[in-house]
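This report refers to the structure that appears directly beneath it.
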Amino acid sequence: MANNKFSQYLTQGIQNHQVTTPPPNLLKVVTLDVDKMVLRNIRFRLLVSELVEELRECYLRGVKRAVLGYALQCPAVRARLGISVAPVSHEPLVIRAPVPWHQCFVTGTHHCYHNLFALNHVLNTLDTIWEERFASLRFVNIATLVEKDDQQVPTPKALETAVRAQCAQTRTILLQKWLPAVARVFGELIESWRSLVPTDVADSLRQVRRFFSAVRSRMSLQLRRLVLDSISDFRDCLVKHKAGNDYSGEYIEESFIERAAVEVSVTVQEKRVLFQPPLQETHDRLLSCLAAIIDHNQHIPRVERLLFPEMSRRRLYLHAVSAEEEAVVAVKAEVTSLFNANGPGPSTYVTIYNQYTHLLDDTTLNIVQDFIKNCGILKEGKKQLANLRRLDGEVVQLRDYVPLGLILLNCHDINQRLQQQVTLTPHPRESRTYSLPLLQVRQLTTSILDYFVVRNKEHDKDVCRSFDEMSTKLSQVTDVTAEIVELSNYLHICSSQTMTQLLQEIQNATDRLMFLLQRFNTKTKE
């Protein structure tokens, strides 16, 4: 019932003028393939006209079926038209007429046998040897290179060195194991290719040359697959960092859980925070790893140089993968894109050291030097020590190793330098007198404490010296009236002025001593 309604709507429900007509160019293109000589016959012209009209009707029928099928996708339309399921269309069965095939088959078989040697036992054995012994071989072993958790993340230079060492090792395996194994196959299966070698001097070497060309092609394909798989593995170990490391706000270590591929140090040179090596050099090192893989697949000799001594010095090599090939260029572009995505993170993180530029450019050192040179007071010294103590607490919390996706930042050196600048650890004094050149090799905090120690000792000596002078002067015994008057006046000056000054000096020395004892006692407890 549904099929009848569908056919009724298809033939009567939708009129020809309600759908689009065939494109004019379509009917013209159909008639272009008809031979012009055929159209000279009126009977064939009528036949072509009938076929064109049939094509037009088929087009209109297809458009109507498409419109009706689209409308029946709506449940409401199906219910209204009474068609629950659209009938399934069946493609007409086309039976192809017999075509000649025997000659094509013979020609193809002859070509494969005499050019590709696809059925030759030697080439099949070469495939077996490669799949069983060398298919898993790679120029780079990523598992031992950058993915072992128990080893340190390599620097760009160390990574390139390791890649070149692994490439040299793989090349040695190819030269010392693969090629001799292939050469032995030719000796063991000599009956499979002996018939190709001419027995007479006048015979042509064309067939045996084709055979060794086929061997060269087969071995070159195996070598190329090894190279392309190796650079793909190297790319895949970097692809996990394709999300990049750009971030804003505070650094969150949990955002970068993947193991980094290379380690870049943060150093200070000429009072500037720099990357060592620079990021551009790191990028070049990664590309050099790919170049090392390409270089080590060059000039792999053909098997003829091992089989025939007279050809051992000829420049016969397998087809190697070149750096200009599309697949290699695509991998290099992808590695460059990955590195560019991981470039902003380190530059963003090192901005945290901008707040410590006064320590890196010796501004704080100059302030401490001026304080000591100008004999600063205890109150000012306490303020500077408090500031250095605050900096010490901040510097200690800085991370030595910062994971940033592809790159691991090594900030140990710059953090160590900052800590040495503001550390509160007292250092042994090399001499009992203080000299400014010594300040260059001491920590700022220790320098200020040493300054107060030296100053306190000097002031204590001055106070003792003043008391000794007063005691010596007032202990003198005389009967001369003028000297007695002079001693009386000296005693009055000492009691009214000198003693007041000395008591103030003693109080200052006491304050400095208590401050130093408190500092060293606090550090001892820590």
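The values are calculated or read from the model by the stated rules, or taken from the named source; none is laboratory data. None of the values given here were measured: they were computed from a predicted structure. Here the Cβ is made from the backbone with ideal geometry for all residues, glycine too, and neighbour counts use every protein chain on show. Note: accessible area is taken over every heavy atom of the protein model, side chains too, but ligands, DNA and RNA are not part of it. Shrake-Rupley method; radii C 1.70, N 1.55, O 1.52, S 1.80 Å.
Near LEU404, the amide H atoms lying under 5 Å from its own belong to LEU409; only residues 5 or more places off or on other chains count, and H is placed 1.01 Å from N.
Across the range 33-114, Cα-Cα pairs farther apart than 20 Å form 68% of the total. The length gained on full extension between ASP33 and GLN176, counted as 0.36 nm times the residue separation minus their Cα-Cα distance, comes to 45.3 nm. Summarising the label geometry, the points placed 7 Å from Cα in the beta-carbon direction at ARG465 and LEU189 lie 10.4 nm from one another. Cross-link pairs exceeding 28 Å in C-alpha to C-alpha distance, out of LYS157/LYS271; LYS36/LYS64; LYS177/LYS240; LYS28/LYS64, comprise LYS36/LYS64; LYS177/LYS240. Length gained on full extension, ILE95 to ILE257, computed as 0.36 nm times the residue gap minus the Cα-Cα distance: 52.1 nm. Dividing the Cα radius of gyration of the range 215-298 by its Kirkwood radius returns 1.14 for Rg/Rh.
Carbon and sulfur atoms: what percent of the 1.4 Å accessible area of the range 66-136 do they account for? So the carbon and sulfur contribution to the accessible surface is 65 percent. Applied to the range 399-405, the Karplus parametrisation 6.51 cos²θ - 1.76 cosθ + 1.60 on θ = phi - 60° returns per-residue 3J(HN,Hα) values of 6, 7, 10, 10, x, 9, x Hz, with x for Gly and Pro.
The separation of the range 59-82 from the range 103-137, counted between C-alpha centres, amounts to 55 Å. Amide H to amide H, with H built 1.01 Å from N, TYR317 comes under 5 Å of ARG302, counting only residues 5 or more places away or on other chains. Sequentially through the range 127-133, phi angles give Karplus couplings (6.51, -1.76, 1.60; θ = phi - 60°) of 4, 5, 4, 5, 5, 7, 10 Hz, Gly and Pro residues having no value and appearing as x. Computed over neighbours whose Cβ is under 13 Å from that of LYS5, the net charge equals +2, Lys and Arg +1, Asp and Glu -1. Assign one of three labels to the range 78-178, namely rounded, prolate or oblate, based on the Cα gyration tensor with a ≥ b ≥ c the square roots of its eigenvalues; rounded applies when a/c is under 1.5, prolate when it is not and a/b is larger than b/c, and oblate otherwise. It is oblate, given that a/c is not under 1.5 and a/b is not larger than b/c.
Using a probe of 1.4 angstrom and keeping all protein chains present, the accessible surface of the range 196-239 works out to 50 square angstrom per residue.
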